[in-house]
Amino acid sequence: EWSKKLEIGIPEIDIQHRRLLDLLNEVQREAQMAAPSFQALDDVFDALEQYVTTHFHDEEALMQRVGYDFFDHHKQEHLDLVAQVEEKRRAYFRGELDAITMHQWLLHWLIGHIAGSDTLIATFMAKQAAAE
């Protein structure tokens, strides 16, 4: 569940993170059904991938706007996640990975990314604002 602990203090990014968590919760709800529907999960994965693309684009535009020092590294994290999600999604549909494991992996990545890399953007922006 979303909590204030997950907020980094950049409202537009916090709103998007909250939506990402909502989408992950949809994956979890579907995965916990007695007989998860491949089509329903595929639809949720599609929505998640589309939203992640939008979110990463917005976050990267923000980093460029503020001259974030670690933009290249952060963008690479985004690219790596997209590649990993594509591979894990293929593994899921080949029957090599269950939806619960997929959900847990995505949730762990999102929470870690917010708490680590995304918090650094907010810290950078706060230091920049204090220096002005």
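The values are calculated or read from the model by the stated rules, or taken from the named source; none is laboratory data. Computed from a predicted structure; not experimentally measured. So basically every Cβ, Gly included, is an ideal-geometry build from the backbone, and we count neighbours across all protein chains shown. Note: areas computed on protein heavy atoms with side chains; ligands, DNA, RNA excluded. Shrake-Rupley method; radii C 1.70, N 1.55, O 1.52, S 1.80 Å.
Take the Cα coordinates of the chain, assign each an equal point scatterer, and use the Debye formula without solvent to give log10 I(q)/I(0) at q = 0.11, 0.13, 0.17 Å⁻¹. After summing over all Cα pairs, the log10 values are -0.42, -0.56, -0.90. Other residues whose C-beta falls under 11 angstrom from the C-beta of Phe45 contribute a net charge of -4, scoring Lys and Arg +1 and Asp and Glu -1. 3J(HN,Hα) along the stretch 120-132, derived from phi through the Karplus expression 6.51 cos²θ - 1.76 cosθ + 1.60 where θ = phi - 60°, amounts to 5, 4, 4, 5, 4, 5, 5, 5, 5, 5, 5, 7, 7 Hz, with x in place of Gly and Pro. Relative to one another, the C-alpha centroids of the stretch 1-33 and the stretch 89-132 are positioned 11 Å apart.
The GluC sites (Glu not before Pro) of the stretch 1-107 that DSSP puts in a loop, and whose beta carbon has at most 11 other beta carbons within 10 Å, are Glu1, Glu96. In the chain, helical runs assigned H by DSSP with n ≥ 4 each contribute -39500 (n - 2.57); averaged across all residues and rounded to the nearest 500, the mean residue ellipticity at 222 nm is -26500 deg cm²/dmol.
A convex hull fitted to the Cα coordinates of the stretch 50-103 yields 73 cubic angstrom per residue. Restricting the trypsin sites (Lys or Arg not before Pro) of the stretch 31-132 to loop positions (DSSP other than H, G, I, E, B) with no more than 14 neighbouring Cβ atoms within 10 Å leaves Arg94.
Across the accessible surface of the chain, with the other protein chains kept in place and a 1.4 Å probe, carbon and sulfur atoms take up 55 percent.
Given Cα pairs under 8 Å that are at least 6 residues apart, what percent is the relative contact order of the chain?
Values: 66 pairs, mean separation 45.3, N = 132.
Worked out over the chain, it gives 34 percent.
Over the stretch 1-127, accessible surface divided per residue gives 57 Å², non-protein components excluded, 1.4 Å probe. Kindly express, to the nearest 10 degrees and within the range 0 to 90, the angle between helix 38-66's C-alpha long axis and the longest C-alpha principal axis of the chain. Once rounded, the angle reads 10 degrees. Compared with the dominant Cα axis of the chain, that is its longest principal axis, helix 99-113 is turned about 0°. Label reach from Phe93 (point 7 Å along Cα→C-beta): in the stretch 47-62, no amide nitrogen lies under 11 Å. Remark on Leu97: its backbone amide H falls under 5 Å from those of Tyr92, a criterion applied only to residues 5 or more positions apart or on other chains, H modelled at 1.01 Å from N.
Please check: in the Gaussian network model of the chain (C-alpha springs, under 10 Å), which one of Met102, Met33, Met63 has the largest mean-square fluctuation. Comparing Met102, Met33, Met63 in the GNM, the peak value goes to Met33.
Phi angles of the stretch 71-79 translate, via the Karplus equation with coefficients 6.51, -1.76, 1.60 and θ = phi - 60°, into HN-Hα couplings of 4, 4, 5, 5, 4, 5, 4, 4, 4 Hz per residue; Gly and Pro are given as x.
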